[in-house]
There are 2 protein chains.
Amino acid sequence: MVSQRGVAVARPVARLIDELAKLPGIGPKTASRLAFYLLRTSRDDAVGLAEAILEVKEKVTLCTVCFNTTEQNPCAICADPGRDSRICVVEEPLDVVAIERTGEYRGKYHVLHGAISPVEGIGPEKLKIQELIERTQSERPEEIIVFTNLDLPGEATATYLHRLLTPSGVRVTRPASGLPVGGDLEYADEMTLGRAMAGRRVL
Amino acid sequence: MVSQRGVAVARPVARLIDELAKLPGIGPKTASRLAFYLLRTSRDDAVGLAEAILEVKEKVTLCTVCFNTTEQNPCAICADPGRDSRICVVEEPLDVVAIERTGEYRGKYHVLHGAISPVEGIGPEKLKIQELIERTQSERPEEIIVFTNLDLPGEATATYLHRLLTPSGVRVTRPASGLPVGGDLEYADEMTLGRAMAGRRVL
């Protein structure tokens, strides 16, 4: 990459473009735009970003109980005595943020770090599933809410977990499926509409 | 931002998301995705990016002749005795890269660092225009190719430069305008089609 640009761009700029282009969803054009932005922006902003990257790699680990990202171990949620015994199983740390934001849930979490997807070569052994089984045996939660995505890998993971957890006698649930709030009927796909119909409630 | 996410996300992760979201074109969702990618990726890759950002701020300056980015001053292009006396005026350093890649040009450059845009509050005094005038007087180039964009700010800048440079007697040119190579007539706008028609060549 660097040699191709020849003398037209300073070597550190070419290096920065190459590093930025390694990020997911960032192509060479966006990488160039970001690199020149960082070159123009204040030293404080650029150094702030660099330091934030280094700090994340230094200080953040995964909680050994729920595998959410944390600075302390166990994490603040696992260590909170005010949380009830339910476990909400999610695919990614960001899902925890989204559910916490609803204010509707006061239980704990378990982050799988992905979903079962044979197409992408992700089997159960690559996820934090064994850890969930062990946790279920020791913590004896009143309910396990499998809040994986409603796409194919998420559904496959939910089915797999349901089968695996049935012998333990714990109640395993999935979130309600139907029309999103504010959603327009016209734009809903058949699957969603069908589920909204099947799961209809009496007013 | 950080407080809103509460305990659900480690503080350094929240900080990194905030820093990434300052970048142009990166919204909060993309920033989150990038932050968790950097958390998961190898230490080498993350540190490589952080160091590349710091290196750019430390080592890269602007050439005091052409205002392209450079590690040495004057830059490699300005210092190259094999370059002819033409000056190609562009808006951004990346434009130099693009033109160099064509292999069609062996002159020098002048980077304005933007284009005149009253809407965005960018007047001539915010660009390297005064420096171009002085350079024209001392270097006496055989031609100045105003290779600013073909949008409104680029055209306004070209018109402004043309008026300003006329007294010096130097030949001022603009790149040819018309259909892009490989372009489909059907998808071209009227302006482009009109220019392609007006500038037609005898075969």
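The values are calculated or read from the model by the stated rules, or taken from the named source; none is laboratory data. None of the values given here were measured: they were computed from a predicted structure. Virtual Cβ from ideal backbone geometry, glycine too; neighbours counted across all protein chains shown. Ligands, DNA and RNA are stripped out before the accessible areas are found, and what is left, the full protein with its side chains, is counted by its heavy atoms. Shrake-Rupley method; radii C 1.70, N 1.55, O 1.52, S 1.80 Å.
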> Nm distances between the label at A:Asp80 and the same-position labels in the remaining copies, 7 Å along Cα→Cβ, shortest first?
Replying inline: 6.0
>> Give the lysines whose C-alpha is closer than 22 Å to that of A:Lys57, dropping any in the same chain fewer than 8 places away, or say none.
In response: A:Lys22, A:Lys126, A:Lys128, B:Lys22, B:Lys29, B:Lys57
>> I'd like the interface area for chains A and B: accessible area of each alone minus the complex, both sides summed, 1.4 Å probe, protein heavy atoms only. What is it in Å² to the nearest 100?
In response: 5300
> If A:Lys126, B:Lys29 are ordered by their accessible area, calculated over protein heavy atoms with a 1.4 Å probe, which sequence runs from highest to lowest?
Replying inline: B:Lys29, A:Lys126
> B:Met191: accessible area at probe 1.4 Å, nearest 10 Å²?
Replying inline: 130
>> Quick check on the protein assembly as shown: helices-only [θ] at 222 nm, where DSSP H runs of length 4 and up contribute -39,500 (n - 2.57) each and the sum goes over total residues. Nearest 500, please.
In response: -13000 deg cm²/dmol
> Among A:Ala158, B:Ser138, B:Leu34, whose Cα sits farthest toward the positive end of the charge dipole of the protein assembly as shown (+1 at Cβ of Lys/Arg, -1 at Cβ of Asp/Glu, about the Cα centre)?
Replying inline: B:Ser138
> Taking all protein chains as present, what is the carbon and sulfur share of the accessible area of the range A:44-203, in % to the nearest whole number, probe 1.4 Å?
Replying inline: 54
>> For a quick check, take a GNM of chain A with Cα springs below 10 Å and name the residue from A:Arg174, A:Arg86, A:Arg43 with the largest mean-square fluctuation.
In response: A:Arg43
> Mind checking which of B:Leu150, B:Leu54, B:Leu185 has the largest fluctuation in a GNM of chain B, springs on alpha carbons under 10 Å?
Replying inline: B:Leu185
> Using a 1.4 Å probe, how large is the accessible area of B:Tyr160, given in Å² and rounded to the nearest 10?
Replying inline: 60
> Between B and A, which B residue has the Cβ nearest their rotation axis, distance in Å?
Replying inline: B:Ala50, 2
> Which stretch or stretches of the range A:99-142 have amide N atoms under 16 Å from the point lying 7 Å from A:Leu150's Cα along the Cα→Cβ direction?
Replying inline: A:99
>> With every protein chain kept in place and ligands, DNA and RNA left out, what is the accessible area per residue of the range A:2-59? Probe 1.4 Å, answer in Å².
In response: 44
> the range B:14-31: which residues show an accessible-area loss of 40 Å² or more, assembly versus chain alone, 1.4 Å probe?
Replying inline: B:Arg15, B:Leu16, B:Glu19, B:Lys22, B:Leu23, B:Pro24
> B:Thr61 to B:Glu186: FRET efficiency via 1/(1 + (r/R0)^6), r the Cβ-Cβ distance, R0 60 Å, to the nearest 0.05?
Replying inline: 0.85
>> If I ignore ligands, DNA and RNA and count only protein heavy atoms, how much of A:Ser138 is accessible to a 1.4 Å probe, in Å² to the nearest 10?
In response: 90
> Heavy-atom accessible area per residue, the range A:62-202, 1.4 Å probe: how many Å²?
Replying inline: 58
> Averaged over A:54-64, how many beta carbons belonging to a partner chain fall within 10 Å of each residue's beta carbon?
Replying inline: 6
> Looking at the protein assembly as shown from every direction and averaging, what is the projected area of its Cα convex hull in nm²?
Replying inline: 28.1
>> How charged is the neighbourhood of B:Ile145? Take every other residue with its Cβ under 10 Å from the Cβ of B:Ile145, and add Lys/Arg as +1 and Asp/Glu as -1.
In response: +2
> Could you give the distance between the Cα centres of the range A:18-43 and the range B:154-172, to the whole Å?
Replying inline: 33
